[in-house]
Each structure stands twice: as C-alpha cells, then as structure tokens.
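Written below as structure tokens is the structure these notes are about.
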Amino acid sequence: MTARVLEAVPNFSEGRDLAVVEAIVDAIRSAGADVLDWSADPDHHRSVVTFVGSPEIVEEAAVASARVAFERIDLRKHSGVHPRVGALDVLPFAPLTGLSIEDARAVAWRVGERISGELGVPVFFYGHASPESRSLGAIRRGGFERLVSGWPADRQPDLLPPRWTHSGAHPTAGVCCVGARNILLAWNVYIDGLTLEQARGVAAQLRETGGGLPGLRALALYLPSRDALQISMNLEDLAATTPAEAFAYLEQLVAARGGRVIETEIIGLLPDELALSAAERFYRLQAGTTDRLLSRRLVHHLAKNVEPAARNE
C-alpha cells in the first residue's frame, strides 16, 4: 500500500511577533504533523508554514493552527504590504503521494466546516475546493476592511458559523480562505532601478489576468524596512509555465524599463521544477532526463515501502 501524504501551506497574518508564530507552529507539531519549513516577514506582516502528514493528521493540525491564529491575531491592529482578509488568511491543501486533488478537496471541505462550525469564522473556498473555481484575488478585493463592513453582493461566504449575527466578516479574525491545489512555486524577486509604479507595470504584464504568463500571479510591493522593491509571485501551474520562462520574462520586462534583478527569495519549500526548468535550458538536457530525478525516485520508494514497514513493526 502506498503512503498517503498531504501537504498544507497556511499563511497567517502575523510576521512580527515571533512568539505568536511559534505558538502556531507548536500547535501543528503537537497535532502530529511534520513541519517542514516556516518563515515570517515583517513587511508583509505574514508567516507561511509548510507541514505534511496523513490526511487525518493534517486535518487536525490545520484546525489546531487556526484555533491559535484566531485567538492571538487581531486584524484590527494589522497592517502589512501583502493583501489579507483573515488571521489565517489562506489554507491550501496539496496532494503529494497516494492522494488525488479530489482527496485534497475533501480535506479542505472538512476543515472548512470545522473552522466555521467549531471556531466560528466564515469560510470561502477557492481553487479546486471552490464549486466556482473562485480565485483568491476575487475574494480579497478591498481586504479585511471591505469584508468586515458587510458582505459585497458578489462575495457571499460558502460557510457561515451557526447563529451568525454579523453582517460581514468576523470582527477580529476576518474570514478563512480554504483551498485545494497542486504544488506551486511562491517566490519574491527583488529588483532595483525602477519606481514602484514601473514595478507595478512589470507585475501587470507578467500575470495571467493581465495577458501575461499562464498560471502566474504577481504583485509589486515596496518593503519599508528594507527600502526595497519586490515582485511577489505565485506560479500556480508549473506545467503551463516553467519557472525559467517566468524568470526570463521578468528579467526582460525589468531590463526594458532600465532596472535589474538583484536576487530571488523562495517562500516555503523549493519545488524540483524550479531547478529543473533552468537545468534543462542551461545544460540542454536530453528528453526524458528529468524523469530520472533522484528526489522523485526516492519519494516513490518511500511512499511504497515506509508505511507498510511501519505497520508491520
């Protein structure tokens, strides 16, 4: 039997008080999940945690992390450069081994029902978990402040807590966006020599919704603590657009405006496709070479052998 491994990558609206972030991480670990990575950014005022486990363990860990976030984060006091609508802003689930996107969707719905029913926070589903394939951008327009003042006509939550008396979002926790998706690449590219307005023009040309690259979302942000400009991107469809293609187009757009790329920051874990797409171009690899990637073969081996062996001990 193949091991079933699900990934969750929740984003929390806290990037400055590390005690709160560590409490969230501790809650995830206490539920039995394996925390692979976490990071916090004071300008974004946001933290990202990557954890894995069986669907049952990941479900419990996700709810445990939500409970801490709703207790410790007050969006009325929150201000950062990254868009947000919730204390636990986004909660995506991705199948790794032994699971399908339908399995991830089922976990997303169970967790969403618990967040609404047990923890009392409205839920929006997005991506593969949404019946309408709703995007995060559509949910986030106007931010927490817009949703807490009342539900817009085009944005009714999928789940409301029992006996909900507010006309909009939770007054301190906002809403929670729960999704199901495949592996994506979250990265921030630092640039120099442009104004913020020029950087926004780059982001607009890059992203799919502006006629740019398929599966790419992009925002231009100014980071006050570093006096730096950043193009913050999510590449959501690694089959439609490779990271190498996205980076090359970004460099081209920045250079055309007289700027330059300084460095790239990866958020969360590094997907194989980031290095592979660059290696294929640089080394002109033969067709089929990347099918022999060691990490992929190792994951396949562990998925087939580790869980059955553990049950026999």
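Exactly one of (1) among the β-branched types (V, I, T); (2) farther than 23 Å from A8 by Cβ; (3) out of contact with any Leu (no Cβ under 9 Å at 6 or more places or on another chain) is unmet by I191. Its number?
With (1) among the β-branched types (V, I, T); (2) farther than 23 Å from A8 by Cβ; (3) out of contact with any Leu (no Cβ under 9 Å at 6 or more places or on another chain) applied to I191, the lone miss is (3).
Which of the numbered conditions does E22 fail, given that it passes all the others? Conditions: (1) of a type in the set (D, E); (2) part of a helix (DSSP H, G or I); (3) closer than 19 Å to R114 by Cα.
All conditions are met except number (3).
May I ask you to say which residue of D103, D192 is modelled with pLDDT of 95 or more and not assigned by TED's automatic domain parsing to the domain that holds V9?
The unique qualifying residue is D192.
Kindly establish whether R140 is among the charged types (D, E, K, R) and within 22 Å of D41 (Cα to Cα).
yes
With (1) closer than 23 Å to A180 by Cβ; (2) not in a loop (DSSP other than H, G, I, E, B) as the list, and A3 as the residue in question, which single condition is left unmet?
Result: A3 fails condition (2) only.
Got a number for residues in the range 73-105 being in a helix (DSSP H, G or I) and touching a residue at least 24 places away in the same chain (Cβ under 8 Å)?
6
Cβ-Cβ under 9 Å, sequence separation 6+ or interchain: first residue in the range 125-142 and free of Cβ contacts under 8 Å to residues at least 40 places away in the same chain, partner surrounded by fewer than 18 Cβ atoms within 10 Å (Cβ to Cβ) and of a type in the set (G, A, S). Which pairs?
Listed pairs, sorted by first residue: G142/S149.
The values are calculated or read from the model by the stated rules, or taken from the named source; none is laboratory data. Predicted, not measured: the structure shown is a model, and the values here were computed from it. FYI the Cβ positions are ideal-geometry reconstructions off the backbone, even for glycines, and counts take in every protein chain you see.
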